[in-house]
Amino acid sequence: MNKSILIIGACGQIGTELTLKLRELYGKNAVIASDIREGSDELMQSGPFEFVNAMEYDSIKNVLETYKVTEVYLMAAMLSATGEKFPDKAWELNMNSLFNVLNLAKEGAIKKLFWPSSIAVFGPTTPKENTPQETVMEPTTVYGISKLAGERWCEYYFNKYGVDVRSIRYPGIISWKTNPGGGTTDYAVEIYHNALLIGKYNSFLNKNTKLPMMYMDDAISATIKIMEAKSENIKIRSSYNLAAMSFTPEEIAAEIKTFLPEFEISYNTDFRQRIAESWPRSIDDSRAREDWGWKHHFDLKKMSENMLNSLHNKYEEL
Ligand code: AKB
């Protein structure tokens, strides 16, 4: 059977780059982008697009039938900071969208499913350093609660109905093509834009708040790698810990200063500080490395160089 892939939430931060990469690998007509709104010109011009509301079962089912879809990546979600402003909506979107695709997979309409979890599944009682795969999990945000519940449902659908669902716990993802929206780790993207545009940044996290982070290229390669792995190598059907680097606002600012010596950072914390403090500082992802060969390629230095060059070129073109 030919591969036919549907990305739900294709216009978001990760969805955009995932769609472009999958089209490069499998051909533009094999990858259908979908969202409730149109995305960047690059995304819209690179292959087929359909309007799909992740909360509407029939809306997804129609596209699955039209394009004879075999694999789905569900990237639509409300993230941690926005979720605290709209807890009911966050729960509704994050859970209903997942149930829609799990049930479609159970009915045989999807052969393989990717659903992202997050480091937000951990909470203040979780060991903070080198957080193990299996440990205490008492998330305090609605986003984290929805991701932890989602992980349990993924494992349940695998055990009970044989649904081939695969998942990773993303750390904060840093990218230059499409901005993140509504996360606690978003500061680590904003800081690069501000460094180039105005030479300074006012951080909403304090200088010592260390969080696990990853460059987009690594996140995309992990996502595709877990989906391409043999089913028997996916030994965890809830979600895999995944890591690349950890840093504080003070450390990322120091790195930016090596490229832009005039850059200045100031600190003015808000409600996101508490969310960040409830999350791990670093992650043990040895199971992902052992089971399906995960490897990261970007550290803070390499990422900063790449971010600043790419954003510089992007702003030059505008
Ligand atoms: C957020 O900050 O909410 C997300 C995440 C860590 O899942 N980037």
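Here are a few things to note about the model shown:
- Only one of the numbered conditions (1) within 15 Å of the ligand (Cβ to nearest atom); (2) open to solvent by 10 Å² or more (accessible area, probe 1.4 Å); (3) not assigned by TED's automatic domain parsing to the domain that holds PRO280 is not met by THR141, and that is (2).
- Boolean, LEU205 is among the aliphatic types (A, V, I, L, M), more than 16 Å from the chain's Cα centre (by Cα) and buried (at least 23 other Cβ atoms within 10 Å of the Cβ): yes
- Of residues in the stretch 144-160 being of a type in the set (Ser, Thr, Tyr) and open to solvent by less than 20 Å² (accessible area, probe 1.4 Å), the one farthest from SER80 (Cα to Cα): TYR157
- Every listed requirement among (1) over 30 Å from GLY150 (Cβ atoms); (2) hydroxyl-bearing (Ser, Thr, Tyr); (3) assigned to a helix (DSSP H, G or I) is met by SER221 save one, (1).
- Counting only helices (runs of 4 or more DSSP H) wholly contained in the stretch 246-318, the ones carrying 2 or more residues that are in contact (Cβ under 8 Å) with a residue 40 or more places away in the chain and more than 16 Å from the ligand (Cβ to nearest atom) occupy 249-259, 286-292, 300-317.
- Here LYS235 passes the criteria (1) open to solvent by less than 80 Å² (accessible area, probe 1.4 Å); (2) assigned to a loop (DSSP other than H, G, I, E, B); (3) in the same structural domain as PRO124 (by TED's automatic domain parsing) except the one numbered (1).
- Residue match in the stretch 65-77 (condition: at pLDDT 95 or above, open to solvent by 10 Å² or more (accessible area, probe 1.4 Å) and farther than 27 Å from MET1 by Cα): yes
The values are calculated or read from the model by the stated rules, or taken from the named source; none is laboratory data. Bear in mind that the values here come from a model prediction, so they are computed numbers and not experimental data. No Cβ is skipped: glycine too gets one built from the backbone with ideal geometry, and neighbour counts run over all protein chains shown. Side chains included, ligands, DNA and RNA excluded: accessible areas come from the protein's heavy atoms. Shrake-Rupley method; radii C 1.70, N 1.55, O 1.52, S 1.80 Å.
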